[in-house]
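To start, the structure under review is shown below, and the notes come after it.
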2 protein chains.
Amino acid sequence: MLTVSHFRTPTVNASNRPKSFALSPGDMTQKAGVILAGALEVFTTYGYTAASMDRIAAGAGVSKSTLYSYFHDKERLFVSLIQWLTQNTNQIIFGLRTDLDPETPPDQVLRQMANAVLAEFSANQSLLTLMRLMIGESERFPDLAKTFVRTVQKPLLDHLALYFASQPQFKSLDPAVSARIFAGSLVHYLIIQNILHGRDIVPLDPDRMIDGLIYTIMAAGQSSLEA
Amino acid sequence: MLTVSHFRTPTVNASNRPKSFALSPGDMTQKAGVILAGALEVFTTYGYTAASMDRIAAGAGVSKSTLYSYFHDKERLFVSLIQWLTQNTNQIIFGLRTDLDPETPPDQVLRQMANAVLAEFSANQSLLTLMRLMIGESERFPDLAKTFVRTVQKPLLDHLALYFASQPQFKSLDPAVSARIFAGSLVHYLIIQNILHGRDIVPLDPDRMIDGLIYTIMAAGQSSLEA
DNA sequence: CAATCATACTAAACCGTCCAGTATTGTCAA
DNA sequence: TTGACAATACTGGACGGTTTAGTATGATTG
């Protein structure tokens, strides 16, 4: 269970040293959300180091005092932000996971998933931002990167692998590898097109990408090729 | 043709304003290479902003004066470094591209390629570093990201697509999409395992990954599934 | 004599702290 | 219900100490 730690209530108590709490996201103050939203934009634009706390405060429309009353320091603000995004991402992903209904044909399920992923990632910029920040700062925050893998990537891959394993059509395929191929192709596509700004350089229609991917997996599953 | 621009000769002329040249990599002084190698390590460890010019100078074993005599400023040093890495990467990739011999069976060719990619990226840390830096700084240096796509990703994808198109075994597959699936699966695998430190969290043997990937593409190619 | 080194310097930015003052909100007595 | 008061949240600005990019100066080396 992920909790947003390094978060402190704005209660400036007598000692002027407010203590911090590990709060579940529901407990988070409205102001904290405003700060995180502003921080996201600034971190997105400048990266971790170049994003100054002054700019974050300005971006969030909050005084620096308030900023520091909610978050102890820059590093823990960043960690809280990533955890916040991670939770949002998780909710989104688990929201769009088409309940692996064994009735509907697998190609429809897969297409539905792929469509949802590409649509969601294209519409919701913060998901790609999370990916980019995580990769970019993975050396400075290795533990955070592992948390990201554990709470976002692993459940998704496990879910996919479970689905591939459950369908007899794919019994000749390695479920774990198929999950990697499915997710990896889409993630790589998103990285090239949206993060590295390669849309005009290596253009590829998302529908064409999805069609080809679905066809490849379906065809491989139904093949009687010997290993 | 890629040239290492933003590079200036160490000639500190009278006006103390040495002019810069666009030099082909062969013209690059030995010292410039030393500086770039040191810069790579520091940028890798600290990221762009947190890598100070003092640390870079120290890491390269060079005085700061010399540093600035070869590179106008930090930004152009970084651009030169990326271009330098891009060229190295290109040479490596084009070096390991198994000359698309139509004689050898496709599965062997693909396996050879996948093996070479994974082996090379695991052994040569700087390739992954390049990937990580490019993604992490893609908002600060969008043009650099495009250059990366144009000079590294696009040739690789084109090369793969051409190969898929040339082999009758894959005539039922979309060559461009197959190239994306092939490269994307491997890149995503490398990102998860090596960049995001997910080896222990979502373990997957590289050979198993390659086997599954090759099988999937081969089986899909030989399938007679109707679209 | 060109290249390099070592060092010191400037001007600016940064983080985190601190504080005087201002809204906002609630409590409680009259 | 109203008015006084207290607690809390927040602002805005200033500050110390540190770090940064980039420049300048003079010594050293081959």
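The values are calculated or read from the model by the stated rules, or taken from the named source; none is laboratory data. Source: prediction; values computed, not measured. Every residue, glycine among them, receives a Cβ derived from its backbone with ideal geometry; neighbour counts consider all protein chains shown. Each accessible area value is taken on the protein alone, full model and side chains, heavy atoms only, with ligands, DNA and RNA left out. Shrake-Rupley method; radii C 1.70, N 1.55, O 1.52, S 1.80 Å.
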What is the minimum Cβ-to-axis distance for chain B, in whole Å, where the axis maps B onto A, and to which residue does it belong?
-> B:Gly136, 1
Neighbours of B:Gly47 by Cβ distance under 10 Å: Lys/Arg at +1, Asp/Glu at -1, summed charge -1
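Please calculate how many Å² of accessible area region A:150-209 carries per residue, with a 1.4 Å probe and no DNA, RNA or ligand atoms counted.
Heavy-atom SASA per residue in region A:150-209 reads 37 Å².
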Could you give, in nm with one decimal, how far A:Ser65 is from each other copy of that position, shortest first, with labels 7 Å out from Cα toward Cβ?
-> 4.9
A:Asp211 label points, 7 Å along Cα→Cβ, one per copy: pairwise distances from this copy to the rest in nm, shortest first?
-> 3.4
Over all residues in B:42-51, what is the mean tally of Cβ atoms on other chains that come within 10 Å of each residue's Cβ?
-> 3
Would you check the accessible area of A:Trp84, probe 1.4 Å, heavy atoms only, in square angstrom rounded to 10?
-> 50
Express the carbon and sulfur contribution to the solvent-accessible surface of region A:143-190 as a percent, rounded to the nearest whole number, probe 1.4 angstrom.
-> 60
Could you name the lysines whose alpha carbon sits less than 29 Å from that of B:Lys171, not counting residues in the same chain fewer than 8 places away?
-> A:Lys171, B:Lys154
Given +1 on the Cβ of Lys and Arg, -1 on the Cβ of Asp and Glu, and no further charges, what dipole in debye does region A:124-197 carry about its Cα centre, rounded to the nearest 20?
-> 60
With every protein chain present, what accessible area does A:Ser138 have (1.4 Å probe, heavy atoms only), rounded to the nearest 10 Å²?
-> 0
